[in-house]
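Undergrad: Take this structure, written in structure tokens, and hold onto it; I'll ask about it next.
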Amino acid sequence: MIKVVKFGGSSLADAEHFRQVAQIILADKDRHYVVASAPGKRYPADVKVTDMLYRCYEMVRAHESIDTYYEQVKKRYTDIIADLGIDFDISGELEYVKNAMLHASGRDFAASRGEYLNSLILAKFLGFSFIDAENVIYFKENGQFDAEKTQQLMQEELKKHEYAVIPGFYGSMPNGTIKTFSRGGSDVTGSIVASAVGADLYENWTDVSGFMMADPRIVKDPCAIDTITYRELRELSYMGASVLHEEAIFPVRTAGIPINIRNTNRPEDRGTMIVATASSYDKEHIITGVAGRRGFSYINIEKDMMNAEVGFIRRVLDVLEDHELTIEHLPSGIDTMSVVVHSDALEGKEEKVLSSIARRTRPDSVTIESGVAIIAVVGRGMAKAKGTAARIFTSLADAGINVRMIDQGSSELNVIVGVDEADYERAISAIYHEFVKA
Ligand code: ASP
């Protein structure tokens with residue numbers, strides 16, 4: 001059995017966490033490949049090393065001296081080494097990184113050194129091989145991840161090592177320069193490694209015990225989700241974003257490898273399993289989770305006999321495409337349709353979008369309404385349980401909340417409701433408590 005384990009920045013922020021991490025890894029011989037992030041925050045006001053490195057890069061560009069500030073970066077690493085009591089001289093590496101930054105090595109290079117240096121230390125501490133991501137993760141000329149080349153070269157390299165640490169977050173371009181994934185991208189590296197070695201499990205260790213059924217800032221002590229499918233997680237993307245990088249799902253999903261979100265500070269917790277399919281569901285709760293977000297707008301279009309007009313929706317969508325607006329939802333009636341878009345993206349384009357739609361479709365009316373929150377109630381159990389929608393809407397009605405939009409995916413996996421932004425938190429809470437009885 002092969003497990004690939006990824007540890008986030010908060011799990012590797014200081015020596016104490018390094019010890020916890022080592023204990024977790026060494027407790028299970030199946031944990032062969034470790035993907036490490038850069039040191040994260042040790043306390044709320046602390047600065048992540050990645051952010052410090054971005055700052056160094058900016059300082060060099062502004063022709064400011066980084067001498068003093070870079071000392072703080074160095075100290076993050078030398079403190080960890082000293083506290084762990086390992087015999088490892090990292091000063092040459094630290095000097096090299098500083099010089100490279102002073103000689104215009106690029107923004108991504110600077111940022112990537114956070115994971116590079118941390119992984120060197122972790123490999124040393126564990127007695128594992130160190131494999132530089134630069135030699136196993138590749139991007140194409142256009143900046144896209146090169147899955148084929150990576151898969152092949154990574155497989156060849158990993159075969160040579162029984163146990164290894166690989167830095168997360170970056171890889172190399174065809175010309176050898178360093179490129180990073182977007183922020184939080186070590187999750188993506190972990191997923192790529194898991195897929196390359198055909199792992200049985202990808203454990204993603206962070207500082208929470210998996211996904212909760214609702215946002216804990218809204219619902220006090222929500223129940224944890226034991227098992228969730230990839231599709232449900234996508235539907236609940238409003239919720240997962242801060243725990244797992246969105247792009248981390250695809251490599252393992254294609255390879256059929258489950259992800260287990262675990263808590264480094266509470267290794268005894270099972271965390272959440274993300275799986276391809278699950279026939280079983282929690283009969284007690286029916287729903288897997290409820291999540292949402294504020295900041296949406298509706299574009300409402302009305303026209304008599306809209307349903308009989310060939311190409312009507314296409315013309316509307318063409319306008320949105322011309323204005324580079326992505327569509328979140330598309331609820332429609334016989335002679336009405338609404339398009340739900342992000343208010344941020346629409347800002348400043350309202351008049352143009354309205355006049356283009358008016359010109360292209362000659363509607364009876366077209367209006368924009370903003371201030372909408374979208375809530376997704378998701379659960380693979382919903383298709384089998386009757387009366388779920390009734391329960392959702394009754395709970396909202398009982399809380400005195402006006403529902404402004406309803407959309408149900410044909411998969412019966414989710415029900416989407418639009419409410420006023422002012423009602424957002426109460427709506428989440430009402431739905432959660434309808435399905436989870438205290
Ligand atoms: N260190 C990087 C960041 O802060 C990548 C990661 O932690 O996954 O975004």
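The values are calculated or read from the model by the stated rules, or taken from the named source; none is laboratory data. Please read all numbers here as calculations on a predicted model, not as lab measurements. All Cβ positions, glycine included, derive from the backbone under ideal geometry; neighbour counts span all protein chains shown.
Undergrad: Looking only at residues in region 9-44 that are outside any loop (DSSP other than H, G, I, E, B) and among the hydroxyl-bearing types (Ser, Thr, Tyr), which one is farthest from residue 206 (Cα to Cα)? Break it down into steps so the answer makes sense when it comes.
TA: At the first step, the residues of region 9-44 found to be outside any loop (DSSP other than H, G, I, E, B) are 9-12, 15-26, 31-36.
Now drop any that are not among the hydroxyl-bearing types (Ser, Thr, Tyr), which leaves 10-11, 33.
Working: 10: 7, 11: 6, 33: 16 Å.
Result: 33.
Undergrad: For a quick check of your reading of the model, give me the residue pairs whose first member lies in region 87-109 and is on the phi > 0 side of the Ramachandran plot, whose second is of a type in the set (A, V, I, L, M, F, W, C), with beta-carbon atoms closer than 7 Å and at least 6 apart or on different chains.
TA: Within 7 Å, the pairs are 106/178.
Undergrad: Which residue pairs have Cβ atoms under 6 Å apart, sit 6 or more places apart or on different chains, and have a first residue in region 227-244 that is among the small types (Gly, Ala, Ser) and a second that is modelled with pLDDT of 75 or more?
TA: 240/233
Undergrad: For region 156-193, give me each residue that is at negative phi and surrounded by fewer than 14 Cβ atoms within 10 Å (Cβ to Cβ).
TA: 156, 159, 160, 162, 174, 175, 177, 182, 183
Undergrad: For the condition in a loop (DSSP other than H, G, I, E, B) and either hydrophobic (A, V, I, L, M, F, W, C) or surrounded by 21 or more Cβ atoms within 10 Å (Cβ to Cβ) (or both), what is the one hit in 325, 317?
TA: Values: 317 fails: in a loop (DSSP other than H, G, I, E, B).
Only one candidate qualifies: 325.
Undergrad: So if I check each of 193, 165, 97, 188, which one is within 16 Å of the ligand (Cβ to nearest atom), assigned to a strand (DSSP E or B) and of a type outside the set (Lys, Arg)?
TA: Numbers: 193 fails: assigned to a strand (DSSP E or B); 97 fails: assigned to a strand (DSSP E or B); 188 fails: assigned to a strand (DSSP E or B).
Just a single option satisfies the conditions, and that option is 165.
Undergrad: Mind checking which pairs have a first residue in region 195-215 that is within 23 Å of residue 380 (Cα to Cα) and a second that is among the polar types (S, T, N, Q) and buried (at least 20 other Cβ atoms within 10 Å of the Cβ), Cβ under 6 Å, 6 or more apart or different chains?
TA: Listed pairs, sorted by first residue: 210/272; 211/272.
Undergrad: How many residues, within region 168-185, are in a strand (DSSP E or B) and either within 12 Å of the ligand (Cβ to nearest atom) or under 15 Å from the mean Cα position of the chain (by Cα) (or both)?
TA: Qualifying residue count for the region: 2.
Undergrad: Can you tell me how many residues in region 351-370 are surrounded by 15 or more Cβ atoms within 10 Å (Cβ to Cβ), under 15 Å from residue 317 (Cα atoms) and either out of contact with any His (no Cβ under 9 Å at 6 or more places or on another chain) or of a type in the set (Phe, Trp, Tyr) (or both)?
TA: Qualifying residue count for the region: 6.
Undergrad: Shifting gears a bit: Tally the residues that are within 16 Å of the ligand (Cβ to nearest atom) and either touching a helix residue (DSSP H, G or I) at 6+ places or on another chain (Cβ under 8 Å) or not in a helix (DSSP H, G or I) (or both), restricting the search to region 45-70. Walk me through it before giving the result.
TA: In the first step, residues of region 45-70 are kept if they are within 16 Å of the ligand (Cβ to nearest atom); the result is 46-58.
This time we only want the ones that are either touching a helix residue (DSSP H, G or I) at 6+ places or on another chain (Cβ under 8 Å) or not in a helix (DSSP H, G or I) (or both), so: 46-50, 52-57.
Total satisfying the criteria: 11.
Undergrad: Filter region 12-21 for residues that are more than 10 Å from the ligand (Cβ to nearest atom) and under 14 Å from residue 34 (Cβ atoms); which is surrounded by the most Cβ atoms within 10 Å (Cβ to Cβ)?
TA: Step one: filter region 12-21 for residues more than 10 Å from the ligand (Cβ to nearest atom), giving 13-21.
Filter once more, keeping what is under 14 Å from residue 34 (Cβ atoms): 17-18, 20-21.
Details: 17: 21, 18: 25, 20: 17, 21: 22.
Within region 12-21, the match that is surrounded by the most Cβ atoms within 10 Å (Cβ to Cβ) is 18.
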